[in-house]
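Structure first, commentary second.
Nothing in this text is a laboratory measurement; each read-out follows from the coordinates by a stated rule. Since the structure is predicted, the reported quantities are computational estimates derived from the model, not experimental observations. All Cβ positions, glycine included, derive from the backbone under ideal geometry; neighbour counts span all protein chains shown.
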Amino acid sequence: MADISYMMPNDSVWLDRCRMDRLFLEMGKSGAQDVICRAMEAVAKRLSALERCDLIADRAMISKLSKSLGAIAEQIGLESLSRVAGDVRACACEGGDPVALGATLARLVRIGDRSLAKVWELQDLSG
């Protein structure tokens with residue numbers, strides 16, 4: 001019988017607090033919270049859409065969605081999410097390795113979920 005190994009990925013989430021602080025300085029508390037909440041909703045929708053596109057192997061849409069996801073993430077300081085979205089886009093554009101795309105997309109979803117949780121946590125701490 002073959003041995004089975006279970007992997008427990010532990011991806012780090014990096015937030016650019018300076019970018020978020022700048023949003024609050026430029027827009028005020030209410031305006032910044034509105035922008036961040038809308039961005040978080042857009043991130044969640046795109047993550048869900050990316051998972052659906054992966055099921056049907058729509059590389060063109062994966063590329064498009066990951067590009068817009070990366071831009072939104074960068075806008076509010078979700079650095080690791082933006083970076084991995086770029087990695088997904090690169091895998092989708094290269095088009096050669098479906099396993100690499102699947103693994104990178106799974107990483108994007110994990111980091112996306114953790115990033116959203118981290119932002120909610122920061123929102124709770126800021127009152």
Positive-end residue of Ser48, Leu105, Leu65, charge dipole of the chain with Cβ unit charges:
Leu65
With 10 angstrom as the radius, rank Ile4, Ile72 by how many other C-beta atoms surround their C-beta, starting from the fewest.
Ile4, Ile72
With the convex hull built on the alpha-carbon atoms of segment 28-126, volume per residue in Å³ sits at 75
Total charge of the residues flanking Ser12 in space, meaning their Cβ is under 12 Å from its Cβ, with Lys and Arg +1 and Asp and Glu -1, is +3
Eight or more residues apart or on different chains, and alpha-carbon atoms under 19 Å: count the Lys pairs in segment 28-126 matching that.
4
Take Ala44 and Asp11, extend 7 Å from each Cα along the Cα→Cβ direction, and tell me the distance between the two endpoints in nm.
1.8
In debye, nearest 20: dipole of segment 28-126 around its Cα centre with unit charges on the Cβ of K, R (+) and D, E (-)?
120
